[in-house]
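Working notes for the structure below.
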Amino acid sequence: MFTLIPDGSRVWQTARLRKANGEYLSLRRALLKDHISHSINDKKSLPFPIAGCESIVMSFDGRLLTGVSVFLAVAEAGNFAKAAGVLGVTPSGVSRSIGRLETKMGVRLFDRTPRSVALTEEGRLFRLQALPLVAGLEEAAAAAAGSAAAVGGRLRVSIDPWFARMVLAPQLPRFTEKYPDLKIDLMTTNARDDMMSGFDVAVRFGSTSAGSLIARKLLDIRVITCAAPAYLEKFGEPGRPEDIEGYEVILFRDPETGRAFPWEFHQGTEIVTVKVGGRVVFDDPSAAVAACVAGQGLFQSLEIGLESWLQTGQITQILKDWSDEHYPLYAYHPARHLPPAKVRAFLDFVQQIAREKARQGSSLPIGETSDLLKVRETPGDPFHHPDTR
């Protein structure tokens, strides 16, 4: 329980934060509504002493943080009226708050018309920087309030098929046993368009794309080139990336462009792009691996998930000295909303099993594989916006 008293005269609503995605957001709206035209500028009004608080309060204008929250609401809603409805204040109050923020910053954040508002270039850049900061503040406030809400209900996940099949599914019982009140609805797809439509969280390979989503980088995965031993026995093993131009290769379609991925080979900072000839293009990695095992040709793949085929010798890695390329895996959730406890629990679990997979991979008998997965080991890997990587 806490109480904030601004201006020494107006007592703010006392609230108890029990649930991060419920009561906290209601409190936030209530505080915004009361704080649209007020700032914390009287250090004596604080209900408790904090060491060093005097200098912080004197130098910080509370309206700036309020203005940023209002700004993000307008940017998401598209106009002042809708934003006012979300925040529970009047459109004129929103307009005044935006005006004060623009004056404070010395830039124009919106181009206004009678029917709509649009972000200026300065506003767009400011939004990209402000989104992860506000999300972090909300997360910190929820944690400080002890809002370890029970993980339950239904979790809707849109997830890459290969990661779901090779990494998540074998470990899923650990997650469901830990959270017996949680039901999970999994949809496997690598499509990017509207990937959050109807879902709480999405997991995708590849670089992050622009949009109003919060992204959490889970890991980086090495890209390797492999082939079936029978194919190499028949056609020989290429010794350099340039030699591959004469081989049959298995192509894989990029879900973002619809075209086959180009073939690149990385060695330190050197990158060699090879023109390849392939007659078969896949969009299902399981089918592509099966074709490789059958001897269709050379194949470039994410190393994660290939452990069983590599260990049993059904496929062999080639050009090991040219396997420094890495491909990222990201988790996404909608921006401007504190992730519910079920989403946070799922993301933590996914990152945990990814790290475990990395440690398993380091012992594979395929040469130096300690960099199979380059995973962030920083505890509590922070959320960040896609456009701030």
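Of all residues in segment 165-187, exactly one satisfies the criterion of being of a type in the set (Ser, Thr, Tyr) and either assigned to a loop (DSSP other than H, G, I, E, B) or touching an Asp or Glu at 6+ places or on another chain (Cβ under 7 Å) (or both), namely Tyr179. Listed conditions (1) modelled with pLDDT under 90; (2) closer than 26 Å to Asp284 by Cβ; (3) open to solvent by 40 Å² or more (accessible area, probe 1.4 Å) are all met by Met195, apart from (3).
Hey, does segment 65-73 have a residue that's surrounded by 13 or more Cβ atoms within 10 Å (Cβ to Cβ), under 15 Å from Met105 (Cα atoms) and modelled with pLDDT under 85? Yes, the conditions are met somewhere in segment 65-73. Scanning segment 85-110 for residues that are more than 19 Å from Gly123 (Cα to Cα) and open to solvent by 70 Å² or more (accessible area, probe 1.4 Å) yields Val86, Thr90.
Based on what the data block shows, is Ser147 open to solvent by 20 Å² or more (accessible area, probe 1.4 Å) and either in contact with an Asp or Glu (Cβ under 8 Å, 6 or more places away or on another chain) or modelled with pLDDT under 90 (or both)? Judged against the criteria, Ser147 is not a match. Sort out which residues of segment 225-267 are assigned to a helix (DSSP H, G or I), surrounded by fewer than 19 Cβ atoms within 10 Å (Cβ to Cβ) and in contact (Cβ under 8 Å) with a residue 40 or more places away in the chain, and write them in order of number. Pro229, Ala230, Leu232, Lys234, listed by residue number.
Reported count of residues in segment 296-340, each being in a loop (DSSP other than H, G, I, E, B), within 13 Å of Ala227 (Cα to Cα) and open to solvent by 30 Å² or more (accessible area, probe 1.4 Å), is 3.
The values are calculated or read from the model by the stated rules, or taken from the named source; none is laboratory data. No experiment lies behind these values; they were computed from the predicted model shown. Don't worry about glycine lacking a Cβ; one is built from the backbone with ideal geometry, like all the others, and counts go over all protein chains shown. Calculation scope for accessible area: heavy atoms of the full protein, side chains included, ligands and nucleic acids excluded. Shrake-Rupley method; radii C 1.70, N 1.55, O 1.52, S 1.80 Å.
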